[in-house]
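Report on the structure given below.
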Amino acid sequence: MTEKQRADLAVEALKKEYPGAVCSLTYKTPLQLLIATRLSAQCTDARVNKVTPPLFKRFPGLDAFCAGPVGDIEDIVRPCGLYKTKARDIFNMCRMIKEDFGGKVPDSMEQLLKLPGVGRKTANLILGDVYGRPAIVTDTHCIRICGRLGLSEGKNPLKVERQLSAVLPPEESNAFCHRLVLHGRAVCKARTPECGACCMEKFCVYALKRSKV
Ligand code: SF4
């Protein structure tokens, strides 16, 4: 079986298992998704989803964030960890969006990467979820599961992103990554993957190797 065939099987299997997969961060605007994603670094989505309602109440839009003060952002985002860096990034990214991008969250990888604290993972999430572009979010679940499935090798996010972009149908890649997060939490866990309960057991390289041992 080629990697492309295995990728197609994985896409279909996960689509059946998690038909309505969407981003697990709650947001109403592109800016809110950008900010929630910045807060999610080394923090659970569940905790971010508890912090963002009071944050977006205190700072209802771009102008409010640009007015600061940063200390008020820090106070609210403290439970997410790394709160000083995250608060400063949020403040500075809002200023850049206002001053350099006409008040609109950018829609290109190149521009998104100019924003403070924004890496390819966040940029891909925005491109996929906000702008509907083909995007591959290589988070810890994606890297682990795709490695086990035999769709990618190694843990370098950019390399994994390139390997996956060569085998995934572009129009499916964004939803596929959201489904991987759900599957990683429920079945293909980091320490103990539950292969017997997995919809991809028949073609997963890890499971196939394990069954031969
Ligand atoms: S078969 Fe096992 S290792 Fe492969 S994706 Fe499923 S749970 Fe993960």
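Return the Cα extents of region 30-129 along principal axes one, two and three, sorted largest first, each rounded to a whole Å.
Between the extreme Cα coordinates on each principal axis of region 30-129 lie 31, 27, 20 Å.
For every helix of n ≥ 4 consecutive DSSP H residues, a contribution of -39,500 (n - 2.57) applies; sum these over the chain, divide by its total residues, and give [θ] at 222 nm rounded to the nearest 500 deg cm²/dmol.
Working: 12 runs with 131 residues, N = 213.
Roughly -18500 deg cm²/dmol at 222 nm, from the helical runs in the chain.
Take Lys155 and Arg78, extend 7 Å from each Cα along the Cα→Cβ direction, and tell me the distance between the two endpoints in nm.
3.2
From the Cα trace of region 72-116, what convex hull volume per residue do you get, rounded to a whole Å³? Display every interim value, and only then the final one.
Numbers: hull volume 3.4 nm³, N = 45.
Convex hull of Cα atoms, per residue: 75 Å³.
Can you list the residues, at least 5 places off or on another chain, whose amide H is less than 5 Å from the amide H of Gly68, using H built in the peptide plane?
none
Span-like helices, the chain: DSSP H, alpha-carbon axial extent 15 Å or more, mean Kyte-Doolittle -0.5 or greater, which ones? Before the final figure, lay out each step's value.
Numbers: long enough: 3-17 (21 Å, -1.10); 45-58 (20 Å, -0.78); 83-100 (25 Å, -0.93); 157-167 (16 Å, 0.00); 170-186 (25 Å, -0.47).
Membrane-span-like by this rule: 157-167, 170-186.
Once you have the Kirkwood Rh of region 135-192 from its Cα pairs, apply Stokes-Einstein at 10 °C and 1.306 mPa s and quote D in µm²/s. Please report the intermediate quantities before stating the final value.
On the way: Rh = 11.1 Å.
Reported coefficient: 143 µm²/s.
Mind scanning Lys86/Lys159; Lys28/Lys159; Lys86/Lys114; Lys84/Lys189 and naming the pairs with a C-alpha gap bigger than 20 Å?
Details: Lys86/Lys159 26 Å; Lys28/Lys159 32 Å; Lys86/Lys114 16 Å; Lys84/Lys189 31 Å.
Those over the limit are Lys86/Lys159; Lys28/Lys159; Lys84/Lys189.
Determine, from the Cβ-Cβ distance of Tyr131 and Lys28 and an R0 of 25 Å, the FRET efficiency 1/(1 + (r/R0)^6), rounded to the nearest 0.05. It would help to have the intermediate numbers written out before the result.
Working: r = 16 Å, r/R0 = 0.64.
That gives a FRET efficiency of 0.95.
Quick one: compute the contact order of region 109-196, relative version, from alpha carbon pairs under 8 angstrom and 6+ residues apart, as a percent.
Working: 90 pairs, mean separation 21.0, N = 88.
RCO, region 109-196: 24 percent.
If amide hydrogens are placed 1.01 Å from N in the peptide plane, which non-local residues have theirs closer than 5 Å to the one on Lys189?
Residues meeting the amide H criterion: Glu194.
Let me know the charge dipole size of the chain about its Cα centre in debye, to the nearest 20, where only the beta-carbon of Lys, Arg (+1) and Asp, Glu (-1) is charged. Mind dumping the intermediate values first?
Values: 34 positive and 22 negative charges, 141 e Å.
Roughly 680 debye for the chain.
If the only charges are +1 at each Lys and Arg Cβ and -1 at each Asp and Glu Cβ, what is the size of the charge dipole of region 30-129 around the Cα centre, to the nearest 20 debye?
280
Less than 19 Å from a label point 7 Å out along the Cα-to-Cβ axis of Arg95: which backbone N atoms in region 49-71 qualify, by residue?
Under cut-off, by backbone N: 59-71.
With each label point set 7 Å from Cα along the Cα-Cβ vector, what nm distance links Ala186 and Val205?
2.6
Only the coordinates and a few stated rules stand behind these numbers; no lab work does. It should be emphasised that the depicted structure is a prediction, and the values quoted were computed from it without experimental measurement. All Cβ positions, glycine included, derive from the backbone under ideal geometry; neighbour counts span all protein chains shown.
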